[in-house]
Amino acid sequence: MPAESLHSGTASLTTGADSNEVISPRAAAERVRAAVGSWAGITAHNHRFGGIEFRLGRRELGHLHRTIADLPFPRRIRDELIAEGRARPHHVLPQSGWVTVPMRTASEIANVIALFQKSYERAVAARVDM
């Protein structure tokens, strides 16, 4: 992803490293896990199809596989993310609201974390509205 397509709050995640340098799948997952896992109320679990799943309460915010993240959004947001080049249709369920996002480079990891934050903020707002 081009740096200009990322939220300004994620820019510091790429400082000190080439944002296009390929990062090992284990290191990429650990960076995402460290960031997302630090947010209030987030728990990490084994995902039923392998990888790590992040939840707020019982709500899944998304999950990681080796080099990709899968996140659920309403169709309108999903379509916006795809149009912006920040995500692609889900690799198994392309007609759903789910998106698939690569996480091989520092800039892609920053994008994944920003999308998890978007998912988290939606989940927190939904809890308040209940």
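The values are calculated or read from the model by the stated rules, or taken from the named source; none is laboratory data. None of these values were measured; they are calculated from a predicted model. No Cβ is skipped: glycine too gets one built from the backbone with ideal geometry, and neighbour counts run over all protein chains shown.
For G51, the requirement of being on the phi > 0 side of the Ramachandran plot and either modelled with pLDDT of 95 or more or aliphatic (A, V, I, L, M) (or both) is not met.
Of all residues in the stretch 107-128, exactly one satisfies the criterion of being crowded, with 22+ Cβ neighbours inside 10 Å, of a type outside the set (A, V, I, L, M), farther than 13 Å from R55 by Cα and under 9 Å from the mean Cα position of the chain (by Cα), namely N111.
Condition check ((1) in contact with a helix residue (DSSP H, G or I) (Cβ under 8 Å, 6 or more places away or on another chain); (2) surrounded by fewer than 20 Cβ atoms within 10 Å (Cβ to Cβ); (3) without any contact (Cβ under 8 Å) to a residue 60 or more places away in the chain) across all residues:
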residue: G57; (1), (2), (3): yes, yes, no
residue: L61; (1), (2), (3): yes, no, no
residue: L64; (1), (2), (3): yes, no, yes
residue: I68; (1), (2), (3): no, no, yes
residue: L71; (1), (2), (3): yes, no, yes
residue: I77; (1), (2), (3): yes, yes, yes
residue: I82; (1), (2), (3): no, yes, yes
residue: H90; (1), (2), (3): no, yes, yes
residue: L93; (1), (2), (3): no, yes, yes
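Across the stretch 55-110, the qualifying residues are those that are of a type in the set (S, T, Y) and part of a strand (DSSP E or B), and the one among them that is farthest from G41 (Cα to Cα) is T105. Scanning the stretch 19-47 for residues that are basic (K, R) and either under 21 Å from R59 (Cα atoms) or exposed (fewer than 12 other Cβ atoms within 10 Å of the Cβ) (or both) turns up R26, R33.
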